[in-house]
Every structure is written in C-alpha cells, then in structure tokens.
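Trainee: This structure is in structure tokens; I'll ask about it shortly.
The values are calculated or read from the model by the stated rules, or taken from the named source; none is laboratory data. These numbers were taken from a predicted model, which means no experiment stands behind them. Cβ placement follows ideal geometry from the backbone for every residue including glycine, while neighbour counts extend to all protein chains displayed.
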Amino acid sequence: MTGSQPIIPLLQVENLCVFSRPQAKNQAPELLLEPLSFSLYPGERLTILGETGAGKSLLMQAIMGTLPKPLYHQGRIRIAGQDLDALPQTEREQLWGRRIALLPQEPWHALDPLMPSQEQVSEVYQCVKGRKPDSADHQATQDLLAVGLQGAEHKRPDQLSGGMAQRLAFCAATAAGASLILADEPTKGLDTSCREALVQLLCKKSTQGTLLTITHDVAVARQLGGRILVMKSGRLLDDGRIKQVLDDSACQYTRQLIEAEPARWPPYPLPNIQQATPILEAQELSKQRGNKRLFEHLSLQIRRGEILGLTGDSGCGKSTLGDILLGLLPADSGRVYRRGGFAPQRYLKLYQDPPASFAPQVKLAQLFDDLIRLHRLDAKRLPALLERLNLSTHLLQRHSHQVSGGELQRLALARVLLMEPVFLFADEPVSRLDPITARDVLQLLVEVATEYQCAVLLVSHDPALVHKICHTQRCLSLP
Amino acid sequence: MMRLLLLRLGQAALVCWSVGTLSFILMHLLPGNMAFRVAAGRYGYDNLNLAAAQAVEIELGLDQPVWEQYLNWLLDLMRFDFGNSLVSGLPIAHELMHFLEHTLMLAVTAMLLALLLALPIGIYAAIRENCWFDRASLLMSVLLRAQPVFMVGLVLLLIFSLQLRWLPVAGFDGPRFLILPAISLALVLAALSSRVIRHAGVEVIHSAFFQFSRIKGLSFGQTLIRHGLRNAALPVVAFLGIQLVTLIEGIVMIESLFSWPGLGHGLAHAVFNRDVPMIQGAAMSLGLLFVVLNLWVDIACHLIDPRGRAES
C-alpha cells in the first residue's frame, strides 16, 4: 500500500455484468456474471476466489476486451479514469502490455511453441518499446535471470517445466511495462514449490502497480494478501481484507472453501494394510522420453487396499509410471509383476479430465449397459453402487455433457468399480474440479476403494492432499 | 537426419524396382503383338510387314521367355544401365535427361506460380475469415478442383491460344511456350493449397499463443510475422508433400495436352509405341522425382519445427 492514495483508481469496475447473446430471437440473454463493482488503487492487490465456472475468467476477458463473440458485457470499466468502452478497438489494443498485462492460464499454450524463451521476451522490448535488438536481448536476459530462468534462454516452451513456462510467460506479459497485472488462475497445475515462487513474483511486481488475481486456491489467496472477493456461480458473496475474510467470515460458502483446503482436511482414518497381500510389484523400472530421463531403477510395491500417493512436478513422468504399471506403455528396463492371477481388466485407470473419458453422443445409461454386457457383469449392482457414490440413477438418462464435473467423475468411478478392480491408477482425478467437490470426490474414492480392497495409485501435484489420505507417499523428481 | 536420408534412399530403390516391374508386367498384358508395335513405331505403319517384325523380335530378344527378359532388365538396372530405346535405339538415360530438364522447368515454374497465388489468397482469407473474399476463394477453389487438370488447360488453351491468339498452342520453343502449361498446373495446385494455407492461418490466429502475443503488446502485423507465419507454415509444408501426387499426375496430363517435351509426354508416347525400356525409365524418373521432392519437404519440416529432432 502506498502512503497517500491518488483520487483516481488504476482500475475501476462499475456494475459490470456479462451476458451471452441469445441463440433465438424470443430467448432472453443469459446472465453469466452478476453485477460486480470494485476499485483498485496503485499498490493494491485484489484476489477473486471462487469455484471453476463462477464467471471469474469472464471478468478478466471483459476488462481486456477479449470476450468471445457470443458474449457481451454491460457496465463501466475505467483504467486510470479512462472509460474503456469509449475507446475504439485499436486504441483499446494499445493498452495491452503497456497498461494492462494478462498472465495466461495455460502458459504452455500461450507461448509460441517454436520460439526460444528469450526471444519471446526480447521481442516485446524490440517491437513494443522500440529498442535495438542487442539492447532488447540484454534486457530479456536480465529479466529471465531475475525470475531464475538462467540457462533456459535458448530452450523452447516444450523443454520447460510448468513452473518455468509460467515464469517465462510472466516475463513476457509484463515486459512492456504494464502497471495493472491480471492473473487468471496463474497457479493451475503447478506444484507447491513452483506455486510459491510465482506468488512471490506476483507480489514483488505488484508493489509498483496493481494486481488482480483469480484463483480457486485458498492458499494462493492467503499468500497474496490484500483484498478478496468470494464468488459463486457469477455472484459476489463476500468482500473484505484477506485476513478478515479467511479467518472469520460470516459467509458459509467462504468457510466451506477454506475447509476444502487439503491442509485443513481432518486426518482420514485409513485401515491397517500391513497384513494385506501385495497386488502389484515393480522392480528397477527405467523410462526415457526423447532424450529426457524420467526415472531410473524405480521399484515399488502396492498391497490390496493400499492408497499410494505419487507427487512430483508436472512432466516428471507420474502418468507415464502409472501407464507402465498398467501395461499401457512399455518400460525401457525393469519388470512389473501383477500378482494373484486377476484378469487384466481389473487393473484400471481413472482419468484426469472426466468429459474426455465419456463418449458425448450416447446416453450414460447406454455406456454402462455396454460395459455390463461386454464383461457379463451383474447389472443389479449398479443402483447400489450409484447410491454409495451419492449419485441419482436419473443421471444415467443424460448425456455426459449434461452432468457436472464432480458428478461425471463419480460416474467414472462407478464405472470403474463395476469391474471390481484390484488396482486403480487415479491420474490427478480431481485437479479439474473445484476445491469443495474435489475434496468430496477424493474422500469418496478412498472410502470406496478401501471397502473394495482395491489398491490405488493416486497421482497429485499437492503434497498436502497426498499426506492426508494416503498410506504411503512417493515423490518423483527429475534426475 | 541420417535416418531420414537412409529411409528415403531405401524408398527410392523400392520405387525403381516396383515401378519398373509393374510397367513391365502391364506392357506384356496389353493386347497386340509387341514386335509389330515396335516395328510400326520404327518404320511407320505403311512399311510394316512380317519380316520387319521378325527382325525386330530377334534383335530385341523379344522371342526369349518373358522372365528372362525381366531378369535381364533387372540386372541392367542394378548396373544403372537403363538400356536403349526400342524405337530410336538411343540410350534411354540420354533421352530421359532431356525430358527431365523440361519437366523440372515446368514443375518448378508451376509450383512457384502456385505459391505466388496461394500464399496471398490464403493468408488474406485467413485474416478476413468468413468475409466475402474468403467465400469467393472457397468457391473458386471448389470449381477448379472439381475439374480434371486437362480441362483447365483446355479452357485456357481455347481462350488464349485459339480465340485471342496471344500464346502458342503447343510444343516448346522459348519461354512463351511455358506460360499456358505452367499457369494451368499452378491454378490447380493453388486451388487446394490456398485453402490449406487459409485453414492453417485461421487455426494459428485463433491459437492461445497468437492472442498472448497480442496481449504482450505486439500489433496484429508483428504477431502475424513473428508467430503466425512459421507456425502456420508447418501444416502447409507438410501438406505440400501430399500435394506432390497432384503435381506429378498433373504434369503427365498437362504435358500430353500441350505436347510439352517432358517426362509425362515421353511416357505417353512410349506407351503407344510399346517402348518398354522407355516406359520404365520415364515412370521411374517420375517416381524418383516424387521421392526427391518429398525429401525436400521432410527437410523443410525439419528446419521449421525443431521439436521432433530430439525424438528421431
């Protein structure tokens, strides 16, 4: 916070709401983001906390002026007193990078896949600030050094880890000198250490300007400090200083969000599995992808009913390891033993992205029927199983895109459990779900797996989560 | 890179053998006596008699069993000896070089013209997605692609040579003769590649990295040049490899139509005369041309996109 606040806020949002244009003439436009007002003064930080799909990203797009065609906004957005809607599009675009910077949600997609890191930053100095090429290069090298990316100057985005790509995107986005920084879920998919480094970077940058962050991660909001808005399905629920809101909020939803943080989960009573028979054993596994070594001489054993948590940076080979254990990928060396003589279809996988693991054109009931017929399963078990997972049987009459992400992931779990699995590889099963749903789904997964005596290899980027609900933990790190 | 070169070399050898063998078999399956057709080719149909045909048969070893003729050809091929033309008696290699020169001239000119047409049209249509220009270029492209290549050539020939008398009808005697065949071929190539360029362009313009570059502060033009072109070039160049089939096919038809003294024309004439070594030679050259052009495409893709390098 600066000592004396100027009268004009750097960013002022007044009754901003976003609608989707109606498809047919007689339809009313759909309200996606309910009226929202706030002002941000230099040196201030504002964090918007809320579940996925709460209209938070629409706010960012409305401020940038990049709302997709079928959407439009109402209300006023002023940057340093200038009404954005009064500006023609070309002048609005002149603000990009120079006045407002937007940190992208998926840095890997936002960076040019063919361009070396340093050039993606230096081109901003060259094209936007009009510097000479060598001066721009020099400045870019300095920038990369400042965020700990030395040595990565000539690497392409596909050669960077998620955390490095996000820091590179940060350098590129802010190179043109914008004082208002918008960060849209900047820590999505990053592991804890990367997350903290990035948050510190954001804090440091915002001392000179203003920071508006969107996140569903309470820990990130806590670290950023400043002011917070809590949103749920396009509606503002809570507003105040971070400490006050997070420690002592009257709003029930805010409290639920805080409770959903893995670090705050109550310790889960896991049954003893010391006496259980091992179901799967891997010895001396090694795997290389391209010329990158993922892991070497890795051995592990899983018993029936055991929950084994696997953590590590994105791209370190967690999913690859799971696929090798399932026999979906070959290992370069080493062996996997599946014990007990169970059929191969009882070693299964739960995917990260629920919509991607269901055929969208067919009703869910059809998908379940096909599975039951193919493997000659007992169809009578399904209703009880759905009830156990708190799912209504009516959901089966819908298509996969007509149910929520949390429901769909539980349906995916029901589909897996129908097969009476002995080993389940759950690849970040809740990372696409918002924190409250994520907690519920994950606890249910562990509960039911224990009941079925099914071994689970749970992949997650959150050590706190793994710590709470797993018997054993393994951390994969790149050699 | 080494692996790629070896792979293409192996492919070239396979093309030589298979194209040669196939044309050999097809020639022997054609109805009619081969010796008579060759003799007719040499002396003309008026001077053709049984004695001439028998002389030809003995001279060329056509009385030998078929498999023996085939083995002889294969041995010669391994020594890089393409043999002599059955009709003119000249070495095939010499004639092929002459043909190849003209074919390359036509192919390269047509490709360059096609790029000159397709690049601006494709890129402009991508920038102004779904505007009238984009739709018009789609319509033209569909109209052109719906025609066989020689139809396009024929229409141009009727207009510019026969009606307006601006350009010569056929043959080759100076650069003026190149214009019509090259344009016909270029039009057909550009019809498809302009759409491919447009689609690649639209995809890049809508990509997250394009938008991020804009948000970094770069203008649309700067972004297009710095991030758009190279990323869009990748699918376009890869597509060129596939389009080469159209090019080779088009060359055979256009050369025949315009009596262009190239490989395709040579091939067609050799077929009429049952000049088996000539057919094999011409077909093989076209096959090899395809392999060589594909190698270029591979190398270009390799240079544009360094990502695959570590893998291969």
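Trainee: With the requirement that a residue be part of a helix (DSSP H, G or I) and of a type in the set (G, A, S), what does region B:51-65 give you?
Mentor: Within region B:51-65, B:A51, B:A52, B:A53, B:A55 qualify.
Trainee: Just name the residue that is farthest from the other protein chains (Cβ to nearest Cβ) out of those in region A:97-145 that are within 24 Å of the chain's Cα centre (by Cα) and charged (D, E, K, R).
Mentor: Of everything passing the filter in region A:97-145, A:E106 is farthest from the other protein chains (Cβ to nearest Cβ).
Trainee: Out of the residues in region B:1-50 that are among the small types (G, A, S) and not in a helix (DSSP H, G or I), state the one that is nearest to B:I304 (Cα to Cα).
Mentor: Among those that are among the small types (G, A, S) and not in a helix (DSSP H, G or I), it is B:G32.
Trainee: Would you pick out the residues in region A:382-400 that are hydroxyl-bearing (S, T, Y) and without any contact (Cβ under 8 Å) to a residue 40 or more places away in the chain?
Mentor: A:S392, A:T393
Trainee: Identify all residues within region A:76-107 that are over 17 Å from B:S219 (Cβ atoms), touching a residue at least 12 places away in the same chain (Cβ under 8 Å) and either polar (S, T, N, Q) or in contact with a Pro (Cβ under 6 Å, 6 or more places away or on another chain) (or both); write none if there are none.
Mentor: Selection gives A:L103, A:Q105.
Trainee: Does A:D217 qualify as being charged (D, E, K, R) and within 19 Å of B:A208 (Cα to Cα)?
Mentor: In short, no.
Trainee: Would you mind finding the one in B:G221, B:G174, B:G241 that is farther than 22 Å from A:L168 by Cβ, more than 13 Å from every other protein chain (Cβ to nearest Cβ), surrounded by fewer than 19 Cβ atoms within 10 Å (Cβ to Cβ) and free of Cβ contacts under 8 Å to residues at least 24 places away in the same chain?
Mentor: B:G174
Trainee: Tally up the residues in region A:63-89 that are within 14 Å of another protein chain (Cβ to nearest Cβ) and touching a Leu at 6+ places or on another chain (Cβ under 9 Å), please.
Mentor: 5
Trainee: Yes or no: region A:4-19 includes at least one residue that is in a loop (DSSP other than H, G, I, E, B), within 14 Å of chain B (Cβ to nearest Cβ), of a type in the set (G, A, S) and without any contact (Cβ under 8 Å) to a residue 40 or more places away in the chain.
Mentor: no
Trainee: Another question about this same structure. Please verify whether B:N231 is over 20 Å from the mean Cα position of the chain (by Cα) and away from chain A (no Cβ under 14 Å), treating the condition exactly as stated.
Mentor: So B:N231 does not fit the description; no.
Trainee: I'm checking my understanding of the structure. Among residues of region B:190-199 that are more than 19 Å from the chain's Cα centre (by Cα) and buried (at least 24 other Cβ atoms within 10 Å of the Cβ), which one is nearest to the other protein chains (Cβ to nearest Cβ)?
Mentor: Looking at residues that are more than 19 Å from the chain's Cα centre (by Cα) and buried (at least 24 other Cβ atoms within 10 Å of the Cβ), I get B:I197.
Trainee: Are any residues in region B:200-218 among the small types (G, A, S), over 22 Å from A:A183 (Cα atoms) and within 14 Å of chain A (Cβ to nearest Cβ), and if so, which ones?
Mentor: Correct list: B:A200 only.
Trainee: Considering only region A:275-306, state which residues are without any contact (Cβ under 8 Å) to a residue 24 or more places away in the chain and in a loop (DSSP other than H, G, I, E, B).
Mentor: Hits for region A:275-306 are A:Q275, A:G290, A:N291.
Trainee: Kindly check whether there is at least one residue in region B:27-41 that is under 24 Å from the mean Cα position of the chain (by Cα), in contact (Cβ under 8 Å) with a residue 40 or more places away in the chain and outside the structural domain of B:G262 (by TED's automatic domain parsing).
Mentor: So far as region B:27-41 goes, yes, one or more of its residues are under 24 Å from the mean Cα position of the chain (by Cα), in contact (Cβ under 8 Å) with a residue 40 or more places away in the chain and outside the structural domain of B:G262 (by TED's automatic domain parsing).
Trainee: Being under 30 Å from A:T393 (Cα atoms), in contact (Cβ under 8 Å) with a residue 40 or more places away in the chain and assigned to a loop (DSSP other than H, G, I, E, B) is the filter here; which residues of region A:307-364 pass it?
Mentor: A:F342, A:Y351, A:Q352, A:D353, A:F358, A:A359, A:P360
Trainee: Just for region A:36-61: of the residues that are within 14 Å of another protein chain (Cβ to nearest Cβ) and modelled with pLDDT of 85 or more, which one is nearest to A:R227 (Cα to Cα)?
Mentor: By that ranking, first place goes to A:M60.
Trainee: Could you identify the single residue in B:G44, B:G20 that is over 16 Å from B:S88 (Cα atoms) and of a type outside the set (F, W, Y)?
Mentor: B:G20
Trainee: All but one of (1) out of contact with any strand residue (DSSP E or B) (no Cβ under 7 Å at 6 or more places or on another chain); (2) surrounded by fewer than 20 Cβ atoms within 10 Å (Cβ to Cβ); (3) within 21 Å of A:T437 (Cα to Cα) hold for A:S249, so report the exception by its number.
Mentor: With respect to (1) out of contact with any strand residue (DSSP E or B) (no Cβ under 7 Å at 6 or more places or on another chain); (2) surrounded by fewer than 20 Cβ atoms within 10 Å (Cβ to Cβ); (3) within 21 Å of A:T437 (Cα to Cα), A:S249 is out only on (1).
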